[in-house]
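> The structure follows.
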Amino acid sequence: MTLQARKPVHKEKYPDFLRTWGDYIKVRRLDLKLTKRQLSLRFNVSDVTIYLWERNKVKPSLTQIPKIIEFLGRDPFENKADSLAERIKDFRRVRGLSRKKLADQLGIDPSTLEGWETGKHQPTKKLLDKIKSALVF
């Protein structure tokens, strides 16, 4: 004897509020009717990673942020920063760059960049011009 039945349909619930990367990812995935597996292949991560992001157990790595922004079609945490410190941090986040990588690109020490991002000190005029051209302000 063989039993046959339809697989039960489990409706995934949308988050009540959009606060985290995981919330935004889940809403977009559900809107596009993608499975966690399909999305994991797109991001080249495991299905478990997608599950953990969506459950807000783990945050996506910095290197995944540009792909996620592309998937979402926008940056949900775009800051519209006015200060140089915030603009530098936003630039790094959107491009998935560590402080060290951006410092290397700018030809400066990572601790110098950290000082700018925390507002402890400001770049010289020469370095400010270099930053503006590199960061496309």
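Readers should treat all values here as calculations from the given coordinates under stated rules, not as data from a laboratory. As the structure is a computational prediction, the values presented were derived from the model and not from experiment. Neighbour counts are summed over all protein chains in view; Cβ atoms, including those assigned to glycine, are modelled from backbone coordinates with ideal geometry.
> Could you size up the charge dipole of the chain around its Cα centre, putting +1 on the beta carbon of Lys and Arg and -1 on that of Asp and Glu, and report it in debye to the nearest 20? The partial results should precede the final answer.
Working: 31 positive and 17 negative charges, 90 e Å.
With only Lys, Arg, Asp and Glu charged at Cβ, the dipole is about 440 debye.
> Using Cα pairs closer than 8 Å and at least 6 residues apart in sequence, work out the relative contact order for segment 45-137, in percent. Before the final figure, lay out each step's value.
On the way: 60 pairs, mean separation 20.4, N = 93.
In percent, rounded to a whole number, it is 22.
> Still on this structure, please answer the following. Quick check on the exposure proxy: order Glu78, Glu54 from fewest to most C-beta atoms within 10 angstrom. Could the numbers behind the result be given before it?
Numbers: Glu78 11, Glu54 23.
Sorted ascending by nearby Cβ count, the order is Glu78, Glu54.
> On the principal axes of its Cα set, how long, how wide and how thick is the chain? Give whole Å, largest value first.
Extents along the principal axes: 81, 26, 23 Å.
> Under a crude label model (7 Å from the Cα following the beta-carbon direction), how far is Ser46 from Tyr14 in nanometres?
3.1 nm
> Oh, and also: Strictly over 21 Å apart at the Cα level, which of Lys89/Lys130; Lys67/Lys126; Lys26/Lys101; Lys57/Lys120 would you flag in this model? Please report the intermediate quantities before stating the final value.
Numbers: Lys89/Lys130 16 Å; Lys67/Lys126 33 Å; Lys26/Lys101 30 Å; Lys57/Lys120 33 Å.
Too far apart for the 21 Å limit: Lys67/Lys126; Lys26/Lys101; Lys57/Lys120.
> I've got another one for you. Let me check the size of segment 84-135 from its C-alpha atoms; what are the radius of gyration and Dmax in Å?
Calculated on Cα positions, Rg and Dmax stand at 9.7, 26 Å.
> Any idea how far the Cα center of segment 47-96 sits from the one of segment 112-136, in Å?
22 Å
> Measure nothing but the geometry: give the 0 to 90° angle between the long axis through the Cα atoms of 21-31 and the longest principal axis through the Cα atoms of the chain, rounded to 10°.
Relative to the chain, helix 21-31 is tipped by roughly 50 degrees.
> Here's something else I'd like to know. Using +1 at the C-beta of Lys and Arg and -1 at the C-beta of Asp and Glu, which of Leu102, Ile68, Leu30 has the Cα lying farthest in the positive direction of the dipole of the chain?
My answer, from the dipole projection, is Leu30.
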